[in-house]
Amino acid sequence: MYQCCMNEGGDTGYILLKPNLAETWETAIWFFGFVALVPLLIAAGFAAFGFWPILPFAGLEAGVLIWAVYRVRKLGAQQEVLRFSKDKVALERGINEAEFEWVRQRAWIRAYYDKAPIYGHPHKLSLEYQGERHEFGRFLTNDEREALAEDLSKFIRVLRD
């Protein structure tokens, strides 16, 4: 999803891009608890009958699951911000703070909207300044990328392939 916030003249403002996440940390923990509890209970039952070597594998399975849930939630927390001032455009990317920042002159920046050559593959949005290109909005759907390209064309020139 993305959110535009520009002033009346359209010369300053920002566009905030975030992944669409349906669940919260609380629901992710409930999911982990439910999915990990069943195999651990089954492993405990087998261990009670003397098949104790199954316990490390059940623990390993729970560990891999908690790592996967954490990784998905961490990647879902990333966001990108396009900031526009009268003479500069900045692309910032990060989770709680800008881990990547790219600032260039607004007059020379071009945005590219490249449609995928194969149906169903993701389209690409990128900013270019003197041959240096940076893709953004990788987590957006194709429909959201199309709408963002339309909104972005109001602020900088968008070239389409």
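Can you name the number of the only condition in (1) over 30 Å from Val35 (Cβ atoms); (2) loosely packed, with under 15 Cβ neighbours inside 10 Å that Val64 fails?
Condition (1) is where Val64 drops out.
For segment 131-161, name all the residues that are assigned to a strand (DSSP E or B) and either closer than 18 Å to Asn20 by Cβ or modelled with pLDDT under 90 (or both).
If the condition is that a residue be assigned to a strand (DSSP E or B) and either closer than 18 Å to Asn20 by Cβ or modelled with pLDDT under 90 (or both), then Phe136, Val158, Leu159, Arg160 are the ones that fit.
Checking the structure you have, find out if any residue of segment 18-35 is touching a residue at least 24 places away in the same chain (Cβ under 8 Å), open to solvent by 30 Å² or more (accessible area, probe 1.4 Å), assigned to a strand (DSSP E or B) and in contact with an Asp or Glu (Cβ under 9 Å, 6 or more places away or on another chain).
No, there is no match, as no residue in segment 18-35 is touching a residue at least 24 places away in the same chain (Cβ under 8 Å), open to solvent by 30 Å² or more (accessible area, probe 1.4 Å), assigned to a strand (DSSP E or B) and in contact with an Asp or Glu (Cβ under 9 Å, 6 or more places away or on another chain).
Got at least one residue in segment 64-81 being of a type in the set (D, E, K, R) and over 28 Å from the mean Cα position of the chain (by Cα)?
Checked against the condition, which is being of a type in the set (D, E, K, R) and over 28 Å from the mean Cα position of the chain (by Cα), segment 64-81 yields no hits at all.
Quick check: anything in segment 65-78 touching a strand residue (DSSP E or B) at 6+ places or on another chain (Cβ under 9 Å) and either within 30 Å of Lys154 (Cα to Cα) or among the hydroxyl-bearing types (Ser, Thr, Tyr) (or both)?
yes
Can you work out which of the residues in segment 7-17 that are open to solvent by less than 50 Å² (accessible area, probe 1.4 Å) and not in a loop (DSSP other than H, G, I, E, B) is nearest to Ala111 (Cα to Cα)?
Only one residue fits best here, namely Ile15.
Spot the failing condition for Thr12; the list is (1) without any contact (Cβ under 8 Å) to a residue 60 or more places away in the chain; (2) more than 20 Å from the chain's Cα centre (by Cα), and only one is missed.
Only one criterion in (1) without any contact (Cβ under 8 Å) to a residue 60 or more places away in the chain; (2) more than 20 Å from the chain's Cα centre (by Cα) is unmet by Thr12, namely (1).
Looking only at segment 68-115, how many residues end up being assigned to a helix (DSSP H, G or I), closer than 20 Å to Tyr2 by Cβ and of a type in the set (A, V, I, L, M, F, W, C)?
Final tally of qualifying residues: 1.
Contact list please: Cβ distance under 7 Å, first residue in segment 137-152 and of a type in the set (Gly, Ala, Ser), second residue assigned to a helix (DSSP H, G or I), pairs at least six apart or on different chains.
Hits for this filter: Gly137/Arg145; Gly137/Leu148.
Exactly one condition in (1) over 25 Å from Ser126 (Cβ atoms); (2) touching a residue at least 24 places away in the same chain (Cβ under 8 Å); (3) not acidic (Asp, Glu) is false for Gly63; which is it?
Exception for Gly63: condition (2).
For segment 75-123, enumerate the residues that are open to solvent by 20 Å² or more (accessible area, probe 1.4 Å), of a type outside the set (A, V, I, L, M, F, W, C) and closer than 28 Å to Glu23 by Cβ.
Gln78, Gln79, Glu92, Arg93, Asn96, Glu97, Glu99, Gly120, His121, Pro122, His123
If I go through segment 108-131 residue by residue, how many of them are without any contact (Cβ under 8 Å) to a residue 12 or more places away in the chain and of a type outside the set (Gly, Ala, Ser)?
Here the count works out to 4.
Out of curiosity, is Ile118 farther than 24 Å from Ala77 by Cβ, in contact with a Leu (Cβ under 9 Å, 6 or more places away or on another chain), of a type in the set (A, V, I, L, M) and part of a loop (DSSP other than H, G, I, E, B)?
It is false that Ile118 is farther than 24 Å from Ala77 by Cβ, in contact with a Leu (Cβ under 9 Å, 6 or more places away or on another chain), of a type in the set (A, V, I, L, M) and part of a loop (DSSP other than H, G, I, E, B).
The values are calculated or read from the model by the stated rules, or taken from the named source; none is laboratory data. Worth saying up front: this structure is predicted, and the values here are computed from it rather than measured. Heads up, the Cβs are rebuilt from the backbone with ideal geometry, glycines too, and the neighbour counts pull from every protein chain shown. Remember, those area values only see protein heavy atoms, side chains included, never the ligands or the DNA or RNA. Shrake-Rupley method; radii C 1.70, N 1.55, O 1.52, S 1.80 Å.
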